[in-house]
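The values are calculated or read from the model by the stated rules, or taken from the named source; none is laboratory data. Here the structure is a predicted model, which is why all the values come from computation and not from measurement. All Cβ positions, even for glycine, are placed from backbone atoms using ideal geometry, and neighbour counts span all protein chains on display. Ligands, DNA and RNA are stripped out before the accessible areas are found, and what is left, the full protein with its side chains, is counted by its heavy atoms. Shrake-Rupley method; radii C 1.70, N 1.55, O 1.52, S 1.80 Å.
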Amino acid sequence: MKIFLFILGLMIAGQGICDEIKIGTDPWCPYNCKGGKKEGISIEVMRQIFEPHGHKVTVKYIPWARAVSSLKQGTITNFTSAAKADCKECIYADNPTTVMENTIFARSQDSSPWEGLQSLENKVIGAIYNYTYGDKLTEYIKKHEKNFKRVQISSGPQALDANIRKLAMGRIDYTVDEVTVLTYRANELGLSKKIKPIHTISSVPLFLGFSPKDPKGQEYADLASKTLREMKKDGRLKKIFDKYGVKCPVCSK
């Protein structure tokens, strides 16, 4: 009887340890890569944090706006590579996984200098619904998002592709996104020679974010914080970035 109770206790304890960490995110390669041979930097980081502790990490690709609302409601556990402004009430790891360099892109043949928001006068910029691009540009986009002649908003899993193609075809004058992500995707689409980065408008640290509705949200964030510090120190984080051929802006020298 004692042996049976001991085994039962181990089984119950094991069930408590193994959680499903549900990630909700949109495709944002090389950080979140849907359907490719590689899962993406952020997904690999999440696996290294949680799987050694017996947790199961699952990924569901959904539009970013839905990922944000789902995290707020507690129907998912985590979104990856997020700016804290995306969900102010969410729980975050205390150190970033990367730094997002929001960059303005124009067509390759466009020689106009970038002179701040005044460069957008009589121009059209493409953006992604519910993304943040630094305070001033985000405010501009929200102010004019219903004016199709000034701002064109794309949403859904193909939002980035849509903005790249519209820019390459001359349907918009500018687009903005994280420089590594946009360049990586433009290369895959065969459009990298038709567009160019012209100005880094903001640099924003990105964090692993957890649901404020999840009773273990703070516990997960604490584990992520601790493991990320270890991964930066021992070189594991840089090794993941190197695998994708991109620079790790938060790794120790």
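Quick check for you: with a 1.4 Å probe and neighbouring chains kept, what is the accessible area per residue of the chain, in Å²?
On a per-residue basis, the chain sits at 52 Å².
Over 19 Å between C-alpha atoms is what I'm after, so list which of Lys56/Lys239; Lys72/Lys146; Lys34/Lys166; Lys166/Lys196; Lys216/Lys239; Lys196/Lys239 land there.
Check vs 19 Å cut-off fails for Lys56/Lys239; Lys72/Lys146; Lys34/Lys166; Lys216/Lys239; Lys196/Lys239.
Leaving out ligands, DNA and RNA, what percent of the accessible area of the chain is carbon and sulfur, probe 1.4 Å?
53
For Glu89 and Asp110 in the same chain, what is the full-extension length gain: residue separation times 0.36 nm, less their Cα-Cα distance, in nm?
Here the answer is 3.5 nm.
Along the Cα→Cβ direction, 7 angstrom out, place labels at Cys18 and Phe148. What is the inter-label distance in nm?
Placing both labels 7 Å beyond Cα along the Cβ direction yields 5.2 nm.
Tell me which of Thr77, Ile62, Gly40 sits at the most positive position along the dipole axis of segment 26-80, charges placed on C-beta atoms (Lys, Arg +1; Asp, Glu -1).
Ile62
Over segment 142-253, what per residue volume does the convex hull of the Cα atoms give, in whole Å³?
Dividing the Cα hull volume of segment 142-253 by its residues yields 159 Å³.
Please list the three semi-axes, largest first and in whole Å, of the ellipsoid equivalent to segment 51-121, using sqrt of 5 times the eigenvalues of its alpha carbon gyration tensor.
Semi-axes, largest first: 35, 15, 13 Å.
How much length, in nm to one decimal, is gained on full extension between Glu121 and Ala65, taken as 0.36 nm per residue of separation minus their Cα-Cα distance?
Additional length available on full extension: 17.4 nm.
DSSP beta bridges in the chain, what fraction antiparallel, as a percent rounded to 5?
Around 60 percent antiparallel, to the nearest 5.
Can you classify segment 97-154 as rounded, prolate or oblate using the Cα gyration tensor, where a ≥ b ≥ c are the square roots of its eigenvalues, rounded means a/c under 1.5, and otherwise it's prolate if a/b beats b/c and oblate if not?
oblate
Does segment 27-92 come out rounded, prolate or oblate, given a ≥ b ≥ c as the square roots of the eigenvalues of its C-alpha gyration tensor, rounded meaning a/c under 1.5 and, failing that, prolate meaning a/b above b/c?
It is oblate, given that a/c is not under 1.5 and a/b is not larger than b/c.
With a 4.7 Å Cβ cut-off, tell me which Cys residues in the chain come up empty for a partner.
Cys18
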